[in-house]
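Below is one structure, written out as structure tokens; the observations come after it.
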Amino acid sequence: MSTVTVRRTRRALALAACAALAATSCTALNSASPTAELAAKAPIPASAARHGAGGANTAQVVAAANAFLATLSDEQKDTALYDFDDAAKKTGWSNFPTPVVARNGLKLGDLTDEQQAAALKVMEAALSKKGYEELVEIRKADDYLASLPPRTLTPPTGTPTATPTGGGGRPPGGGGANFGSQWYYISFFGKPSRTGEFTLQYGGHHAAYNLTYAGKNVSISPTLTAVEPMQFDWEDMFYAPLEDKRTATIGAIQSLTADELTAAEIDGSFDDLYLGPGHDGPFPTQPEGVLVSSLTKKQRAKVTAMLKAWVDDLDEKAAGRLLAKYVSQYDKTYIGWSGGTTLDNNQTYVRLDGPSAWVEFSNQPGASTDGVHQHTIFRDETADYGWK
């Protein structure tokens, strides 16, 4: 057994003991022991206080996380728990199907019904009602793709201009066994704590959430939400995941005048996300687009509606505070586009770039189905994977 395996196994056993004692921290552990990394209270970074907005429902998320961890075996805990700064955090999410890019933590399809329900309760606590419903619908879309027969497609060449994402483009398409809600994973980077810093990572094919908590502060950066197809009927229900994001984004960019649209055009073309999976930066030093503060009140309201479509996926109180922070930065926030500005154009790309908020909306040609589908990303430039 490797040193890393021994360390992580000991760490998981220590956490299991803590959970059994219903303790909020393992103060009896020797700080020099291998388990101290996760057992001790991690200090909240000063940058979280500067850039965070507060209002996070951290206690509820921690309670749900501990309830989920209590359902696991020691071996499963070892798989689900990572050190906060483990490099796997940045590589274990993608817009490719899960078998193509390995995810971190525990596969939901390998868990019991009780464990799966407990894992989803963690996400239900972390997200708003709207945000959780969107996650459920994205998972349903993957179940729908799983029902389709596989087909062979030639992946398109090309990547976002100048800066490929590493997760850009598309693999050969179709449906089948590589898709489905069972191919979603959950993991924790750092011990879930009301007072320390930890990241909840959850995702599969077309969803990836990196939710970092530090006391009452929360970051949702980066969060990938995508869907294929845009609309579908499945098990006698109609679904249209990301409808709010589509409507608000197209509404915001189409609110610009002809002159503003000309000024807002971003150089180059994009066949996927610029700062998507596999490419965490750097953020552009020179924003492109038109300054949001230069727009009319009605236009600014449409930009705010666009922002809300992503921020409101988070628990309501924290979302409201974060949105107020991002809106207050409109004098340094830009909105731009490339390729097209309509929903039916598979080249349409829209970007919002502020001192904090970063949003990308990228139309894609169908990979597994005909028609257009979307990839989107939300990042906070001051709180990517947490605060530094």
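The values are calculated or read from the model by the stated rules, or taken from the named source; none is laboratory data. Since the structure is predicted, the reported quantities are computational estimates derived from the model, not experimental observations. With ligands, DNA and RNA removed, areas are computed over all heavy atoms of the protein, side chains included. Shrake-Rupley method; radii C 1.70, N 1.55, O 1.52, S 1.80 Å.
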Subject >> Sequence-distant lysines (8 or more away, or on other chains) whose Cα lies within less than 18 Å of Lys140 >> reply: Lys107, Lys121, Lys129, Lys130, Lys245
Original post:
What share of Cα pairs, in percent, lie more than 19 angstrom apart in the stretch 171-236?
Top reply: 47
Subject >> Enclosed volume per residue, in Å³, of the convex hull spanned by Cα atoms of the stretch 66-158 >> reply: 155
Subject >> Note, ³J(HN,Hα) from phi for the stretch 60-72, Karplus 6.51, -1.76, 1.60, rounded to Hz, x at Gly and Pro >> reply: 5, 5, 5, 4, 5, 5, 5, 5, 5, 4, 5, 7, 8
Original post:
When the Cα centres of the stretch 267-330 and the stretch 359-388 are compared, how far apart do they sit, in Å?
Top reply: 12
**OP:** Can you work out the accessible area per residue across the stretch 255-359, with the rest of the protein chains kept in place, probe 1.4 Å, in square angstrom?
**Re:** 42
**OP:** Please arrange Glu381, Glu265, Glu235 by accessible surface area, largest first, computed with a 1.4 Å probe and ligands excluded.
**Re:** Glu235, Glu265, Glu381
**OP:** Measure off, as a whole percent, the carbon and sulfur share of the 1.4 Å-probe accessible area of the stretch 338-388, all protein chains present.
**Re:** 48
**OP:** In whole Hz, with x marking every Gly and Pro, tabulate ³J(HN,Hα) for the stretch 205-213 from phi via Karplus 6.51 cos²θ - 1.76 cosθ + 1.60, θ = phi - 60°.
**Re:** 5, 10, 8, 8, 10, 10, 9, 9, 10
